[in-house]
Amino acid sequence: MDILANLALGFSTAATPMNLMYCFAGVFLGTFIGVLPGVGPLAAVAMLLPVSFYLPPETALVMLAGVYYGAEYGGSIASILLNIPGTPSASVTCLDGYPMAQQGRAGVALFVTAIASFFGAMFGVVVMVLLSPALAEFALLFGPAEYFSVMVLGLVAASVVSNHGALRGIMMVCLGILLGTVGVDVNSGETRFTGGIAELRDGVNLVVVAMGLFGISEVITSARGATRSYATAKISLKQFLPTGAEWLRSIAPAFRGASVGSFFGTLPGTGQTVASFVGYALEKRISRNRDNFGKGAIEGVVVPESANNAAAQTAFIPTLTLGIPGSATMALMLGALMIHGITPGPRLITERPELFWGLIVSFLFGNLFLLILNIPLIGLWVKLLQVPHFYLYPAVIVLICVGVYSIDNSVFDIWVTLGFGLLGYFMRLYKFEPAPLLIGFVLGPMMEEFFRRAMLLSRGDPLVFLERPGSAALLGVSVILLIWAMLPGRARKQKLA
Amino acid sequence: MINRRHMLSLLGLAAAVGITAGSTSVEAASDWPEKPVRILVSFPPGGSSDLVARLLAKELGEKLGQQFVVENKPGAAGTVAAMALKEAANDGYTFMLSNLTPFSVAPTRFPDTPYDPLTDFTHVSYIGTVHLGLFVRPGAGASDLESFIAMAKDDPDNIDYGTSGVGSWGHIVSVDFTDKTETQLVHIPYKGSGPMRLDFRADVVGAMFDAIPQNLPAVADKEAIPLAVSATERIATLPDTPTFRELGYDIVAENWLGISAPADIDPEISAKMDATMQDVMALPAVDAQFDTWGIIRSTKTTEEFTDYVASQFTDWKPLVMKASDK
């Protein structure tokens, strides 16, 4: 059995005391950095990159990977407690996680997040062990037409996610796409909608949009007197535990989320975000509990968390097997390897098997550490909600500003964040949700890029999207999802009328 | 530990406040550096140029007994970082990893660029250069440049090629190439080299103009055939690949790297920085690391480097304008 031999090699690399120690240090620091608003996995990995120069390559990679998924988890904590997602994929967790916190069930939401993340990550690791080489080839089958169709699916899923009707969702997606067009156009090199401001030449930063729409607007809303009476005085383990019925209801969604996540994770660039949105949209259609989605349904936390953590693991497949990073965070990981003179690529698995399999096995340990570390900490995080507003919110604003500034060391970004905060506040007043806007903003520019590339390559023939089977299938699923989203809505309205 | 960069910038701030308080004491160049030194980088963390800066920062810091802090200021083709450098105090505590795009290309491409690549800066140390290659897929049907050009002439507007973006050096060189070879190719722009190489491996685009180092593994695996390189003579990592010049096309492109400072810094500080840079780059470990990154080193004095930046700007100017028209 090849797989067993590989795993044995992986264990012998990952289970050394030094690697275990750095793995633990990585997830620990990653979690704490990730909790800070505006500081996502990219910033966390960048901060700790210099430390890795002094470590052997396996240890460096194990530690940085720990920081990466530790920060992913930390981002979910802020999403649930304060409605401030660290990453676009965590904005899906806000949809049900934050209502749970408002109902005084923050502990349960955090507990479920820890378990679902662990489950999703384990699922992703198993997929990696069994299918790595095959999935790398699969990523190569995706041309511009297929990517375009994946983005369409992601956007349809995002509109369906909205709790105030698909129409409002679609409007927000479109606004997001429009905001995404600011900056240099990839195909002509011309700047669009920058108003002559040099800082906007590369577009508006994603973290800036997310922190403004979610974080700042949350603070404004709360300062305007929204009551927060959900802080519980005593915190015991009992209060974190979901009810028996909730455990049972979560099993199937966890599997569905992790499968969706593992699939989308292998696609460079978009994986995690599309995975959480598609997973959530799918669940919202098929769940028996669908009417409670957006009001604190436990499945609404389980699905995006298992999906995005499975995707976080499988995202390593194209990075390590093809040597081509799928995201900025992955580019940083490759950078860490390169500084040790290792060139990632198709030969990495055969030439440095101890590194590849050691890393995969370290995911097992890292996620286990994450679980052990976080369950006792839930009480601490929930206590954060007991901090009086007049201390908590100014601190949150300061942290957001620091986080936003640290991305590009730009003061301009802080002002833009505050602007988006005001926009977010008015959107709340008129019941428009920020999550679909955010995914429109992320996927819109990519969709345009892939659409125009596919059209360039086909010399202007739009049939290319239907002639390629992968693309046609994805577009078909999108149409079905859209129709599906419209139908039960109408049926329910008729019942009411 | 939790937030090293912010702590360092706080330290820097504290130090700055200290200096303003005792502003009567004139700082002697021989004492430089007395507080952490910033190196601005015009790329996000993780790229090869960012790694160059981080490696140099570590070694410079050890040699001079002060922290050298890498500060990423990506954006607007590197002009955001260059503007920040221009506006920084010329006290020897801010440098930038200068390179081709913001200093040789952007001022021509964006006429409203608010700095002059020569008069607004002190160009201190030259580091080295990376070259560009024209690569094709093994299945594309061309094994050398002549057969590629013949294919392009047989069927104009049929061959697709990728570059890492409109206005990138690959794009500028490709326009020069089609001009000098009198061929018509279809340009497929990408957002950076990574996504382009993915499509190249998947046979979505059959040819690309890209920096050489990141493509060496693909060449070794016979997944990419290098047809020609943009250097003045053959390069060590691709000894069998001819230069464009050898084949009769006068195409040369160097993506240079250096260390620059704001205008008029103390010449003594500049000299000390340059001397330390030369020491650091002579270290066998640094030299070997530059080799693996494919950076071709050569020595230039501060004066030679300044002249080089000036000549690069004038050399690129007509090419950039030609590419902007298309």
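The values are calculated or read from the model by the stated rules, or taken from the named source; none is laboratory data. Just so it is clear, the model here is predicted, and its values are computed rather than measured. Quick reminder, even Gly has a Cβ in these numbers, built from the backbone with ideal geometry, and neighbours come from all protein chains shown.
Per this entry, B:GLY128 is not counted among residues that are more than 14 Å from every other protein chain (Cβ to nearest Cβ), touching a residue at least 40 places away in the same chain (Cβ under 8 Å) and more than 30 Å from B:GLY162 (Cα to Cα). Scanning the range A:1-53 for residues that are of a type outside the set (A, V, I, L, M, F, W, C) and modelled with pLDDT of 80 or more yields a total of 13. From the set of residues in the range B:210-267 that are basic (Lys, Arg) and closer than 27 Å to A:ARG347 by Cβ, which is surrounded by the most Cβ atoms within 10 Å (Cβ to Cβ)? Residue satisfying both the conditions and the ranking: B:ARG234. If only residues of the range A:402-413 that are buried (at least 18 other Cβ atoms within 10 Å of the Cβ) and aliphatic (A, V, I, L, M) are counted, the one that is farthest from the other protein chains (Cβ to nearest Cβ) is A:VAL404. Listed by position, the strands (runs of 3 or more DSSP E) contained in the range B:183-238 that have at least 1 residues being within 12 Å of chain A (Cβ to nearest Cβ) and not basic (Lys, Arg) are B:186-189. For the range B:60-95, a tally of residues being more than 10 Å from chain A (Cβ to nearest Cβ), more than 19 Å from B:SER48 (Cα to Cα), in a helix (DSSP H, G or I) and not charged (D, E, K, R) returns 3.
Within the bounds of the range A:468-485, is there any residue that is more than 26 Å from A:GLY183 (Cα to Cα), at pLDDT below 90 and among the aromatic types (Phe, Trp, Tyr)? The answer is yes; a qualifying residue exists.
Can you work out which of the residues in the range B:295-326 that are in contact with a strand residue (DSSP E or B) (Cβ under 6 Å, 6 or more places away or on another chain) and assigned to a loop (DSSP other than H, G, I, E, B) is nearest to B:GLN214 (Cα to Cα)? In this case the residue turns out to be B:ILE295. Within 21 Å of the chain's Cα centre (by Cα), crowded, with 17+ Cβ neighbours inside 10 Å, at positive phi and outside the structural domain of B:VAL105 (by TED's automatic domain parsing): is that true of B:GLY167 in this structure? Yes: the conditions hold for B:GLY167. Each residue in the range A:18-52 was checked for being free of Cβ contacts under 8 Å to residues at least 24 places away in the same chain and farther than 30 Å from B:GLU59 by Cβ, and 0 of them qualify. How many residues, within the range A:448-464, are surrounded by 16 or more Cβ atoms within 10 Å (Cβ to Cβ) and within 11 Å of another protein chain (Cβ to nearest Cβ)? Within the range A:448-464, residues that are surrounded by 16 or more Cβ atoms within 10 Å (Cβ to Cβ) and within 11 Å of another protein chain (Cβ to nearest Cβ) number 9. From the list A:ILE77, A:ILE84, exactly one residue is hydrophobic (A, V, I, L, M, F, W, C) and in a helix (DSSP H, G or I). Which is it? Being hydrophobic (A, V, I, L, M, F, W, C) and in a helix (DSSP H, G or I) holds for just one of A:ILE77, A:ILE84, which is A:ILE77.
So A:GLU190 passes all but one of these: (1) farther than 30 Å from B:ALA77 by Cβ; (2) surrounded by fewer than 21 Cβ atoms within 10 Å (Cβ to Cβ); (3) not hydroxyl-bearing (Ser, Thr, Tyr). Which condition number does it fail? Looking at each condition in turn, A:GLU190 falls short on (1). Of all the listed residues (B:SER125, B:SER98, B:SER104), the sole one being in a helix (DSSP H, G or I), assigned by TED's automatic domain parsing to the domain that holds B:ASP279, buried (at least 24 other Cβ atoms within 10 Å of the Cβ) and on the phi < 0 side of the Ramachandran plot is B:SER104. Being more than 20 Å from B:VAL286 (Cα to Cα) and touching an Asp or Glu at 6+ places or on another chain (Cβ under 8 Å) is the filter; apply it to the range B:41-67 and report the residue that is surrounded by the fewest Cβ atoms within 10 Å (Cβ to Cβ). Looking at residues that are more than 20 Å from B:VAL286 (Cα to Cα) and touching an Asp or Glu at 6+ places or on another chain (Cβ under 8 Å), I get B:PRO44. Taken over the range B:42-61, residues that are closer than 19 Å to B:TRP32 by Cβ and within 14 Å of the chain's Cα centre (by Cα) amount to 0. Restricting A:GLY366, A:GLY323, A:GLY335 to those that are modelled with pLDDT of 85 or more and buried (at least 20 other Cβ atoms within 10 Å of the Cβ) reduces the list to A:GLY366.
Determine whether A:LEU423 is more than 23 Å from B:MET83 (Cβ to Cβ) and away from chain B (no Cβ under 14 Å). Against the criterion (more than 23 Å from B:MET83 (Cβ to Cβ) and away from chain B (no Cβ under 14 Å)), A:LEU423 qualifies.
When the range A:131-189 is examined, which residues are found to be among the polar types (S, T, N, Q) and within 10 Å of another protein chain (Cβ to nearest Cβ)?
A:ASN187, A:SER188
Please verify whether the range B:44-54 includes one or more residues that are polar (S, T, N, Q) and more than 11 Å from chain A (Cβ to nearest Cβ). No: zero hits. Condition check for A:THR417 on (1) at pLDDT below 85; (2) under 28 Å from B:GLU71 (Cβ atoms); (3) more than 14 Å from every other protein chain (Cβ to nearest Cβ): one failure, at (1).
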